[in-house]
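See below for the structure under consideration.
The values are calculated or read from the model by the stated rules, or taken from the named source; none is laboratory data. From a predicted model like this one, the values you see are computed outputs, not experimental measurements. Virtual Cβ from ideal backbone geometry, glycine too; neighbours counted across all protein chains shown.
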């Protein structure tokens, strides 16, 4: 039986940092403790490293587990695009170059359909929200008698 484990966690390109993920971890640990009826706790470990936060889980009949969160959210925050419109435009440009440069035959032969669908999920979501916003905004403008590209659809003169 395993007596000790060390788990390293490196977040994705997400500026929320260790506080957010430690909170998620503690909530899920509490749910697990309630479900299993075990006394399980999390305890911070003082680290001498500025880019590592660590904590350990101690519980009944569990191996001792030390989690080390490898921090790079400072770099992410420096490069995070805060303006959603600029982010959307840069996303579309990136997708455009990605789509025209990909070798589709090779992808079709070597990849399952799931990863290809996953590739287009953010783009489809972005386009859906843009289209929905455009319709709602244009519809609202049509009721205010302001000019809108789709206003003629709702007014009969």
Quick check on the stretch 136-153. Is at least one of its residues touching a helix residue (DSSP H, G or I) at 6+ places or on another chain (Cβ under 8 Å), surrounded by 12 or more Cβ atoms within 10 Å (Cβ to Cβ), at pLDDT 85 or above and farther than 22 Å from residue 100 by Cα?
no
Within the stretch 87-100, how many residues turn out to be farther than 15 Å from residue 120 by Cβ and surrounded by fewer than 11 Cβ atoms within 10 Å (Cβ to Cβ)?
1
Look through 38, 22 and report the one residue that is in contact (Cβ under 8 Å) with a residue 40 or more places away in the chain and either closer than 30 Å to residue 125 by Cβ or not in a helix (DSSP H, G or I) (or both).
22
Which ones in the stretch 49-104 are free of Cβ contacts under 8 Å to residues at least 12 places away in the same chain, under 21 Å from residue 17 (Cβ atoms) and either touching a strand residue (DSSP E or B) at 6+ places or on another chain (Cβ under 6 Å) or part of a helix (DSSP H, G or I) (or both)?
74, 75, 78, 79, 84, 87
Among the residues of the stretch 101-110, which ones are surrounded by 10 or more Cβ atoms within 10 Å (Cβ to Cβ) and within 22 Å of residue 126 (Cβ to Cβ)?
102, 107
